Structure formats: C-alpha cells, structure tokens
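Below you'll find the structure, written out as structure tokens, and then a few comments.
No value in this document is a laboratory result; all are computed from the given coordinates. Keep in mind it's a predicted model, so treat the numbers as computed, not measured. FYI the Cβ positions are ideal-geometry reconstructions off the backbone, even for glycines, and counts take in every protein chain you see.
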Amino acid sequence: MDTDPELSDSWWERVKYYAQLAIERLEYGVNAVKELLCTLTSDERCGVMLEFEDASPEKFAQLVTDAPQWTEWMA
C-alpha cells in the first residue's frame, strides 16, 4: 500500500475528477459511465463509485436503478 501522502492526495484528486465525469456521463446513459470505468484500474473504479455515491446520491440511485448489474463493472 502506498503511504506517501502526496501520492495518496494525487490519487484521490484523480478519483474525484473521474467521479465527476461519471456523474456527467450518466446524462448520456449507463453505457457512457461503463465506458469511462473500463479505462480505469480496479482501485480507481471502486473509488470513483464511492465518490459518485457521496457526491450525487440521487444520480447514483438512478444509475443503480438503470444498471443493477453495475457491480459487475468493478471486476
């Protein structure tokens, strides 16, 4: 596990950026979100979805409703 705080902050900032992109992409459908997630590492995907849920619970609920299989995208 990386314990360098600067690298950890950088990673989290990147995850928050991708989460915002995922939230915006939901407007174009769940496949647009899935396409974004496919470009990320598994750690980044998990972080993005956690941040997505925190940043926009209503849109996250929409994603879960529209794509109940979203957890399969994490693999």
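Here are some notes:
- Helices in the chain, meaning DSSP H runs of at least 4 residues, each add -39500 (n - 2.57). Divided by all residues, the mean residue ellipticity at 222 nm is -22500 deg cm²/dmol.
- According to the calculation over all Cα-Cα pairs in the chain, the P(r) per 10 Å bin from zero is 20, 55, 20, 5 %.
- Magnitude of the charge dipole, the chain, Cβ model with Lys/Arg +1 and Asp/Glu -1, debye to 20: 320 debye
- Counted residue by residue at 0.36 nm each, then reduced by the alpha carbon distance between them, the extension gain from Tyr17 to Met74 reaches 18.7 nm.
- Shape call, segment 32-75: gyration tensor on alpha carbons, a/c limit 1.5: oblate
- Converting phi to 3J(HN,Hα) with the Karplus coefficients 6.51, -1.76 and 1.60 and the offset θ = phi - 60°, segment 13-30 yields 4, 5, 4, 5, 4, 5, 5, 4, 4, 4, 4, 5, 5, 4, 4, 9, x, 5 Hz in sequence order, with x at every glycine or proline.
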